[in-house]
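What follows is one structure encoded as structure tokens, with my remarks underneath.
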Amino acid sequence: MEAFAAFFYVVPLLIIGIVSLGAFTVIRRARDVSSAWDSGLTAEARCLRTYTTTSGGGDTSVHTTLHHVYEFATREGRVVRFEETGGPGTTLEGDIVTVHYAAERPERATAKAPARGKLAAGTGCLLVFFGVIILFCLGFMGVAHAMFDFADGLQP
């Protein structure tokens, strides 16, 4: 019975760990983008490559993500190449775009135009979604714990 009960704790804790890592990643990227916008440093970058990745299929819907690979030179002359997802579908290989970057981390640049409200809303929505998953897992573990305590009380 205890091995069976452990399943009801291990799986939700694993999900909570994965979701927490996702939340950390979302917050870190939002801070990187915001820092790049706040720095005031811009450069002209060339789009070296565009490609898409797909996920899902079978019983789930297919989701396609657009990726762009950019290259630019910092004010110090350092050539930086970075990849960004979710950019505009109208940016093609060879196009020149303006990128924003922070001097201390130019490899975390962004080609997205400053849109602080959109960034905050997107980050906030994802964090709320992650929070709901975590609360569901904690609630599930609480109910499982109560059920196992109740079942233990019924045994002679």
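The table below lists the values:
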quantity: Scan of the stretch 1-39 for residues that are in contact (Cβ under 8 Å) with a residue 40 or more places away in the chain and among the small types (Gly, Ala, Ser), ordered by number; calculated: 5, 20, 22, 23, 30, 34, 35, 36, 39
quantity: Some residue of the stretch 19-31 being within 30 Å of residue 149 (Cβ to Cβ), at pLDDT 95 or above and either surrounded by 15 or more Cβ atoms within 10 Å (Cβ to Cβ) or under 20 Å from the mean Cα position of the chain (by Cα) (or both); calculated: yes
quantity: Matching residues in the stretch 32-51 - criterion: being aromatic (Phe, Trp, Tyr) and either at pLDDT below 95 or not in a helix (DSSP H, G or I) (or both); calculated: 51
quantity: Subset tally (residues that are in contact with a Cys (Cβ under 8 Å, 6 or more places away or on another chain) and free of Cβ contacts under 8 Å to residues at least 40 places away in the same chain) for the stretch 53-75; calculated: 1
quantity: Odd one out for residue 133 among (1) in contact with a His (Cβ under 6 Å, 6 or more places away or on another chain); (2) buried (at least 16 other Cβ atoms within 10 Å of the Cβ); (3) among the β-branched types (Val, Ile, Thr); calculated: (1)
quantity: Selection within the stretch 72-90 - of a type in the set (Ser, Thr, Tyr) and in contact with a strand residue (DSSP E or B) (Cβ under 7 Å, 6 or more places away or on another chain); calculated: 74, 85
quantity: Test: residue in the stretch 52-64 that is among the hydroxyl-bearing types (Ser, Thr, Tyr) and in a helix (DSSP H, G or I); calculated: no
quantity: Complete set of residues in the stretch 65-77 that are among the small types (Gly, Ala, Ser) and in a strand (DSSP E or B); calculated: 73
quantity: Residue identified as surrounded by 12 or more Cβ atoms within 10 Å (Cβ to Cβ) and among the aliphatic types (A, V, I, L, M) among 73, 6; calculated: 73
quantity: Of all residues in the stretch 93-123 being free of Cβ contacts under 8 Å to residues at least 12 places away in the same chain and of a type in the set (D, E, K, R), the one that is farthest from residue 52 (Cα to Cα); calculated: 104
quantity: Hey, residue 90 assigned to a strand (DSSP E or B) and either without any contact (Cβ under 8 Å) to a residue 40 or more places away in the chain or among the hydroxyl-bearing types (Ser, Thr, Tyr) (or both) or not; calculated: no
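Each row is one residue, and each column tells you yes or no for (1) of a type in the set (D, E, K, R); (2) exposed (fewer than 11 other Cβ atoms within 10 Å of the Cβ).
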position: 77; (1), (2): no, yes
position: 81; (1), (2): yes, no
position: 88; (1), (2): no, no
position: 99; (1), (2): no, no
position: 105; (1), (2): yes, no
position: 115; (1), (2): no, no
position: 123; (1), (2): no, no
position: 139; (1), (2): no, no
position: 144; (1), (2): no, no
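The values are calculated or read from the model by the stated rules, or taken from the named source; none is laboratory data. Nothing here was measured: the structure is a model prediction, and the numbers come from that model. Using ideal geometry, Cβ is built from the backbone for each residue, glycine included, and neighbour counts are taken over all protein chains shown.
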